[in-house]
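Q: Quick one: structure below, then a few questions.
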Amino acid sequence: SLRLQKRFRFYFWDENAGVVRWMCAFDTTEDDVDAFVAALKEEMAH
């Protein structure tokens with residue numbers, strides 16, 4: 001979703017199949033992951 005892409009870095013691995021790739025860095029925090037999960041849940045509810 002474009003809304004998620006504006007907030008988090010990821011890209012479509014195979015757009016036709018709906019496969020995306022998310023990556024973390026060494027400095028990714030648990031709060032970063034929690035924020036992403038919350039945003040993903042919100043997006044899926046729409």
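Q: So what's the Cα pair-distance distribution over the chain, bin width 5 Å, in %?
A: Histogram of Cα-Cα distances, whole percents per bin: 5, 18, 29, 28, 15, 4, 1.
Q: Let me ask something else about it. For n ≥ 4 DSSP H runs only, could you compute -39500 (n - 2.57) per run for the chain, divide by its residues and tell me the 222 nm figure to the nearest 500?
A: That calculation yields -14500 deg cm²/dmol at 222 nm.
Q: For the stretch 2-45, give the magnitude of the charge dipole about the Cα centre (Cβ charges: +1 Lys/Arg, -1 Asp/Glu; no others), in debye to the nearest 20.
A: The calculation lands at about 220 debye.
Q: Compute the FRET efficiency between Thr29 and Ser1 as 1/(1 + (r/R0)^6), taking r as their Cβ-Cβ distance and R0 = 30 Å, and round to the nearest 0.05.
A: 0.85
Q: Roughly how tilted is helix 30-45, in degrees to the nearest 10 and between 0 and 90, from the longest Cα axis of the chain?
A: 30
Every number in this text was worked out from the coordinates using simple rules, so none of it is lab data. Computed from a predicted model, the values in this text were never measured in an experiment. Please note: Cβ atoms are built from the backbone with ideal geometry, for glycine as well, and neighbour counts cover all protein chains shown.
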